[in-house]
Amino acid sequence: MRAVRERIPVVVQRNARGRRIAARGLWTGAEVVMTLGVILLLLVVHQLWWTNRQARVGAEHKVEALEREWRQSQGHAAGGGGGEEGEGAGAGDRAASGRGADGRASGGRSSERRDAAPSAPRWDQAYAVIRIPRLGLAAPVAQGISKAGVLDKGYVGHYPRTAQPGRAGNFALAGHRNTHGEPFRYINRLRRGDRIDIETRDAVYTYTVDKTLARTSARDSGVIAAVPRSDVQPHAGYGAPGSYVTLTTCTPEFTSRYRLVVWGRLTGVRAR
């Protein structure tokens, strides 16, 4: 008879302690990844939703506060004016422009309002409201373009050393396209003939969209010059003095690499 050989199984004893350490390391790594993912998600939510909500609410309240202040100011002017000040805000315009009561007779009402546009207010002060009917936009306009003091509040910022509303020259504005209220999110949708209203204490200045520039350098200062014309694309812009408005924002969306520009001309002035 043949001898039957039995195979003895070989059992490899693995290190149980090593397995536990490896498992714990994998679990810890997974927790770290999940935690970082949650933090990143919260940051995105904060940036894209919470900052928008806060800025929009704050901007809406500021618009309401400005309108309330202007109504009260006009009410006081009308109540204490008498015959000499019977036109209310018009008397304030004459004072702002340095004219006496006789100054009105020499020029038309519209030209007086244009000349009487407010001088530069203090830094970061909201002093006007921009309304764009096509976009359903109503936002405060403040002096300066600082992020903390103006743009991140959901306000539209007025470039220093550019014209004030209604004045000859270029009333140049900047606004966020994404986050912090994003008032200029959809200005790329504006077309020739669209209306842009700038309301101040004394008058409403209506500009009509005339030209757009889809993309230019962030350093293209020509677009906000007194006679706006791109330094990068010289065919874009104007060649003669006038009363202009310029809207600028970042493009493409969620970047700040280039600038999108919308231009308009002053086409109407109406007393408040």
Restricting the stretch 157-194 to residues that are under 17 Å from the mean Cα position of the chain (by Cα) and basic (Lys, Arg), the residue that is farthest from ILE145 (Cα to Cα): ARG189
Residue in the stretch 209-225 that is in a loop (DSSP other than H, G, I, E, B), out of contact with any Gly (no Cβ under 9 Å at 6 or more places or on another chain) and on the phi > 0 side of the Ramachandran plot present: no
Residue in the stretch 161-173 that is out of contact with any helix residue (DSSP H, G or I) (no Cβ under 7 Å at 6 or more places or on another chain) and among the aromatic types (Phe, Trp, Tyr) present: yes
Of all residues in the stretch 153-176 being closer than 20 Å to ARG257 by Cα and either modelled with pLDDT under 95 or touching a Gly at 6+ places or on another chain (Cβ under 8 Å) (or both), the one that is surrounded by the most Cβ atoms within 10 Å (Cβ to Cβ): LEU173
Residue count for the stretch 236-272, restricted to those that are at pLDDT below 95 and more than 23 Å from ARG219 (Cα to Cα): 2
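Please indicate, with yes or no, whether at least one residue in the stretch 208-217 is under 30 Å from SER73 (Cα atoms), over 17 Å from the mean Cα position of the chain (by Cα) and surrounded by fewer than 20 Cβ atoms within 10 Å (Cβ to Cβ).
Taking the stretch 208-217 first, the residues under 30 Å from SER73 (Cα atoms) are 208.
Checking the rest, the ones that are also over 17 Å from the mean Cα position of the chain (by Cα) come to 208.
The next check asks that each one be surrounded by fewer than 20 Cβ atoms within 10 Å (Cβ to Cβ); those that pass are 208.
Yes; the residues of the stretch 208-217 include at least one that is under 30 Å from SER73 (Cα atoms), over 17 Å from the mean Cα position of the chain (by Cα) and surrounded by fewer than 20 Cβ atoms within 10 Å (Cβ to Cβ).
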Residue that is farthest from PRO160 (Cα to Cα), among those in the stretch 225-248 that are touching a Lys or Arg at 6+ places or on another chain (Cβ under 8 Å) and of a type outside the set (A, V, I, L, M): GLY239
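The values are calculated or read from the model by the stated rules, or taken from the named source; none is laboratory data. Not measured: the values here are computed from a predicted model. Every residue, glycine among them, receives a Cβ derived from its backbone with ideal geometry; neighbour counts consider all protein chains shown.
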